Amino acid sequence: MVKVYEIKQRVLANNDSEADALRSELKQERKFLLNLMSSPGSGKTSVLMKTIALLKDDLKIGVMEADIDSAVDAQTIATTGAKVVQLHTGGMCHLDAGMTRQGLEALDTDGLDLAILENVGNLVCPAEFDTGAVKNAMILSVPEGDDKPLKYPLMFTICSVLLINKIDVLPYFDFDLDLCIGRVKELNPDITVIPVSAKTGEGIDEWAAWLKNEVTAWRDTSSSETIIAKNKEYDK
Amino acid sequence: MHELGIVFEIQKRLLAFAAGNGLSPASIASVVVEVGEASTVIPKYLLECWPAAMDGTDMEDATLEVEVIVAQVQCKKCGTVYPYLEHDKICPSCGAWECRMVTGQEFNIKEILVYEEDVPEDGSLGGDPAVR
Ligand SMILES: Nc1nc2c(ncn2[C@@H]2O[C@H](COP(=O)(O)OP(=O)(O)OP(=O)(O)O)[C@@H](O)[C@H]2O)c(=O)[nH]1
Ligand SMILES: [Mg+2]
Ligand SMILES: [Zn+2]
């Protein structure tokens, strides 16, 4: 005899609730966690270097680097004077909430206002796994093409902000900035889109201002007012 | 390729389910998951990872069944609901690409099938309760 148990729950329901738990702890500790995602080489580390330079007098920043193998990015970030740890993903293509929590412990967030996770370079897997971050940010770089939103819709729907990086090379690429922004806004009308260049520094001040504003708002609103956008409730 | 990690996640859920219901993991016959076409999970890889992850565990005879849910979208211009991939992401009525996802991002455990021993009428779980 076989008995059927109806479950009807997201496979990742456990990770979802671990992520929610981590977020509320961060809220209590008044610390902000940013999850930064992109394809490999879009400019996560370069953007972070410029961002830290702009914000380091206002915020105490720590960075978690989640490269699959090397520690190069962690060494680069360390030159800014920001606290940094290298996370070992054990070959995994994403970080889940449990690994992010361990990362925060390794970083030791005591005294930090802002922890930034440079997620594994990948537009697919990190989109499925809620890390517990307060906000998700994504970088799309000009050479990747303006049709990325059509190919990876989930990633664009879970992010609060999109940086379009490497705009200094726009003249050399067949990349339609307005069309791209239009596509992104169709997927996610609430997303903030900021064109930047980590090379020339264009747009970085606007991005840094956005981030600082988010960190302050998170710190200064009480837990009861907290609204966290969840896009992946189980829908039947 | 994150299907192996996902299979481990399913495995954890099954163990928790068994413990929560006072069942032995070995009594799990099968698990049915629903995978939306527009989720990031590829059924073929999921099925390939399954035996590798279950081998040598109490649940190694449990099978995985995948039900694919077609990605349906609604056109934002004319309201037509159409299967997204079949129509190459373009509305068959008006040619627009702007659309809202209706179904297709699901990734759910739908049901778990369990072999049942004959449960005695007194409501106890049957068999030796120490066997787990
Ligand atoms: N022209 C130009 N090049 C850039 C810009 N930002 C980054 N790059 C270059 O792009 C390459 C990759 O930049 P990274 O910052 O290492 O990118 P990443 O996303 O951290 O890369 P991974 O961690 O390997 O995934 C480097 O050679 C950078 O110099 C930019 O705005 N303009
Ligand atoms: Mg990097
Ligand atoms: Zn239409």
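The values are calculated or read from the model by the stated rules, or taken from the named source; none is laboratory data. What you see is a predicted model, and the numbers here were worked out from it, not measured in a lab. Every residue, glycine among them, receives a Cβ derived from its backbone with ideal geometry; neighbour counts consider all protein chains shown.
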Q. Filtering region B:1-43 down to residues that are touching a strand residue (DSSP E or B) at 6+ places or on another chain (Cβ under 9 Å) and of a type in the set (D, E, K, R), which residue is modelled with the highest pLDDT?
A. B:GLU34
(Q) Conditions first: (1) in contact with a helix residue (DSSP H, G or I) (Cβ under 8 Å, 6 or more places away or on another chain); (2) within 16 Å of A:ALA115 (Cβ to Cβ); (3) more than 14 Å from every other protein chain (Cβ to nearest Cβ); (4) within 14 Å of ligand 2 (Cβ to nearest atom). A:ALA78 passes all but one, so which condition is the exception? (A) (1)
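Within the bounds of region A:107-120, is there any residue that is within 14 Å of chain B (Cβ to nearest Cβ), in a loop (DSSP other than H, G, I, E, B) and under 17 Å from A:ASP67 (Cβ atoms)?
Yes; the residues of region A:107-120 include at least one that is within 14 Å of chain B (Cβ to nearest Cβ), in a loop (DSSP other than H, G, I, E, B) and under 17 Å from A:ASP67 (Cβ atoms).
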Q: Please tell me if A:LYS199 is out of contact with any Gly (no Cβ under 8 Å at 6 or more places or on another chain) and within 14 Å of another protein chain (Cβ to nearest Cβ).
A: no
Q | region B:37-72, subset touching a Leu at 6+ places or on another chain (Cβ under 7 Å) and within 20 Å of B:PRO83 (Cβ to Cβ), residue nearest to the other protein chains (Cβ to nearest Cβ) | A | B:THR40
Q: Can you work out which of the residues in region B:88-115 that are part of a loop (DSSP other than H, G, I, E, B) and within 9 Å of chain A (Cβ to nearest Cβ) is surrounded by the most Cβ atoms within 10 Å (Cβ to Cβ)?
A: B:GLU106
Q | Contacts under 8 angstrom Cβ, first residue in region A:149-175 being within 16 Å of ligand 2 (Cβ to nearest atom), partner part of a helix (DSSP H, G or I), 6 or more apart | A | A:LEU163/A:VAL47; A:LEU163/A:TRP207; A:ASN165/A:SER46; A:ASN165/A:VAL47; A:ASN165/A:VAL142; A:LYS166/A:VAL142; A:LYS166/A:PRO143
Q) Given (1) in a helix (DSSP H, G or I); (2) at positive phi, where does A:THR51 come up short, assuming only one miss? A) (2)
